[in-house]
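The structure appears below as structure tokens.
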Amino acid sequence: MDILIDEARIQGRIREIAAQIEADYPNGEEIHLVCVLKGGFVFMSDLVRAMGPRVTMDFIAMSSYGKSTKSSGEVRLLKDLDSGLEGRHVIIVEDIVDTGLTLTYLQDILRARAPRSLKTVCLLSKPSRRLVDVTVDYIGFSIEDKFVVGYGLDYAEKYRNLTDIAVLGIE
């Protein structure tokens, strides 16, 4: 495996994103983060620790990969939220935006729940793989079309624990 983005760059970028999110919302207003499991959990844990005390969080699980290195295009909801979104500032926290199909599906589901605002933050974006035009408000890094692991990203449930993001030598 070749390291694509090392831990220091990841942490620096997360601090920048956290500061931008905090600046984009009025002081004192709650910001509710919705983490897309499983891959987003490492990113979200570092993101919330870089933010102030007005952050709340919840988790949702969706799947479009299975054990493949390519998105299947079929999106399944595996775990729904534990709390309501009506009237709240909501930010979806994604590990990676690839085709955009999963995120578009999720944005539509959450928008129907009447949040006050809905934005998305992703650690990684692969714009060359987009099949749909999807809005991502905060992007950590844009990368080429390589299969990456580490920092929450996996292949067949392995490699999530790596502190760096690396290119996996399979395609």
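Scalar couplings 3J(HN,Hα) for the range 123-132, obtained by applying the Karplus form with A = 6.51, B = -1.76, C = 1.60 to θ = phi - 60°, are 6, 10, 10, 10, x, 5, 9, 4, 9, 9 Hz; x denotes Gly and Pro.
Scanning residues 5 or more positions from Thr56 or on other chains, those with amide H under 5 Å from its amide H are Ile31, His32, Leu33, with H placed 1.01 Å from N in the peptide plane.
If R0 is 30 Å, the Cβ-Cβ spacing of Met1 and Asn27 corresponds to a FRET efficiency of close to 0.10. Residues whose amide H falls under 5 Å from that of Leu124, counting only those 5 or more places apart or on a different chain, are Ile96, Val97, Gly140, Phe141, with hydrogens built in the peptide plane.
Figure note: Phe141, Phe59, Phe41 ranked by solvent-accessible area, largest first, 1.4 Å probe, ligands and nucleic acids not counted: Phe41, Phe59, Phe141. Which angle from 0 to 90°, rounded to the nearest 10, does the C-alpha axis of helix 7-24 make with the longest principal axis of the chain? Helix 7-24 sits at roughly 20 degrees to that axis.
Between amide H atoms placed 1.01 Å from N, distances below 5 Å from Phe147 occur with Leu168, all of them 5 or more places distant or on a separate chain.
Derived scalar couplings between HN and Hα for the range 75-82 equal 9, 10, 8, 9, 8, 8, 5, 8 Hz in order, rounded to whole Hz, by the Karplus curve 6.51 cos²θ - 1.76 cosθ + 1.60 (θ = phi - 60°), x for Gly and Pro.
The values are calculated or read from the model by the stated rules, or taken from the named source; none is laboratory data. Treat the numbers as computed from the prediction; the structure is a model and nothing was measured. Virtual Cβ from ideal backbone geometry, glycine too; neighbours counted across all protein chains shown. What goes into the accessible areas is simple: the full protein's heavy atoms, side chains included, and nothing from ligands, DNA or RNA. Shrake-Rupley method; radii C 1.70, N 1.55, O 1.52, S 1.80 Å.
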